[in-house]
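To start, the structure under review is shown below, and the notes come after it.
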Amino acid sequence: MSRLLLAIVASGTVTLSGLAGAQVHPADRALLAQTNLFSTVPEQFHARLTVNRTDWLRPLQAEMWRGGRDRMLARVLDPRQAGRFLLQMGAEHYLIAPGARQPVKLGAGVGAAGAVSFEQLLGLDVERDFDIERAEGSGRIVTFHLVARPDTAAARATPRARWVVDRTRRLPLRVDIVLADGRTARVVEFADFLPGRDRVPSRLVLKDVLRGGPPAIVEIVAFEATPVPDGLFSLTDPAGRAQLPPAEKPR
């Protein structure tokens, strides 16, 4: 799976509220909660998506299952990748490969770097995993400067973030992933949302600031809120995943 991409630094802004904690204005907290995709997207769903870049020969086709707030499973829809999955369980990410005796635990930051990253599609859990350092406004645009809370899933891969929202539409526009040293590593732009759904992204632009290269475009081509079997997320029993329909050859 490919890596992410770009950086946008807000300028000409006016400070709305101060440091994290009780000093944050209640209206700012409410706006952050209303734009938190992690909580507004259904807790269980199945989605199909395509990922493309101008330097790729063909788009990457994938599908994803969410089985609760902290369980995600993804696979590339290509027979050559049969039996290979990326699994998130809480703060941990695992690679499940065919023939392997057990899943391989992946290092910090892998989940936020993949082309079909969970964090990119749903956004960060900006309420549970982050404190508001400050909020800045410029017209209808509000930028939340966030600091990851210790011992959370976000603290390992996303020490800091900028969550940029449209206060009028009550929608997120962009999230900047910021490293501990202050550098912007990646940017995810929420370009469009599914009609008839409450804040479910349908098109995202993923940019890798540190590595450069063309942005990756993610299109959600199918989305269904549906119960997802627990067996898909087992680390010890592959039977649930074995029942999934085989991946079709991309057209």
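The values are calculated or read from the model by the stated rules, or taken from the named source; none is laboratory data. All figures in this text were calculated on a predicted structure; none of them were measured in a lab. Cβ sites come from the backbone with ideal geometry, for glycine too, and all protein chains shown count toward neighbours.
Values as computed for the structure displayed
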read-out: Every residue from the range 13-42 that is modelled with pLDDT of 50 or more, outside any helix (DSSP H, G or I) and surrounded by 13 or more Cβ atoms within 10 Å (Cβ to Cβ); value: Val24, His25, Thr35, Asn36, Val41, Pro42
read-out: Residue in the range 232-245 that is surrounded by fewer than 18 Cβ atoms within 10 Å (Cβ to Cβ) and basic (Lys, Arg) present; value: no
read-out: Candidate set: the range 149-167, residues that are touching a Lys or Arg at 6+ places or on another chain (Cβ under 7 Å) and either without any contact (Cβ under 8 Å) to a residue 24 or more places away in the chain or within 30 Å of Glu224 (Cβ to Cβ) (or both); chosen: the one surrounded by the fewest Cβ atoms within 10 Å (Cβ to Cβ); value: Asp166
read-out: Residues (in a loop (DSSP other than H, G, I, E, B) and either touching a helix residue (DSSP H, G or I) at 6+ places or on another chain (Cβ under 6 Å) or at positive phi (or both)) located in the range 136-159; value: Gly139, Asp151
read-out: Which numbered condition Pro227 misses (of (1) free of Cβ contacts under 8 Å to residues at least 24 places away in the same chain; (2) over 22 Å from Leu106 (Cα atoms)); value: (1)
read-out: Among the residues listed as Glu219, Glu224, the single one being under 22 Å from Pro42 (Cβ atoms), surrounded by 14 or more Cβ atoms within 10 Å (Cβ to Cβ) and among the acidic types (Asp, Glu); value: Glu219
read-out: Answer residue from the range 71-86, given it is part of a loop (DSSP other than H, G, I, E, B) and more than 21 Å from Glu219 (Cβ to Cβ) and is nearest to the chain's Cα centre (by Cα) among those; value: Arg84
read-out: Candidate set from the range 43-70 (those that are of a type in the set (D, E, K, R) and under 13 Å from the mean Cα position of the chain (by Cα)); member that is surrounded by the fewest Cβ atoms within 10 Å (Cβ to Cβ); value: Arg69
read-out: Subset of the range 87-106 that is assigned to a loop (DSSP other than H, G, I, E, B) and either under 14 Å from Ala155 (Cβ atoms) or in contact with a Gly (Cβ under 6 Å, 6 or more places away or on another chain) (or both) - its residue that is modelled with the lowest pLDDT; value: Ala91
read-out: Residue among Thr54, Thr50 that is in a strand (DSSP E or B), out of contact with any Ser or Thr (no Cβ under 7 Å at 6 or more places or on another chain), at pLDDT 85 or above and not hydrophobic (A, V, I, L, M, F, W, C); value: Thr50
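Conditions tested, residue by residue: (1) under 17 Å from the mean Cα position of the chain (by Cα); (2) closer than 22 Å to Asp129 by Cα.
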position: Arg149; (1), (2): no, yes
position: Val165; (1), (2): yes, yes
position: Pro172; (1), (2): yes, yes
position: Ser202; (1), (2): yes, no
position: Arg211; (1), (2): no, no
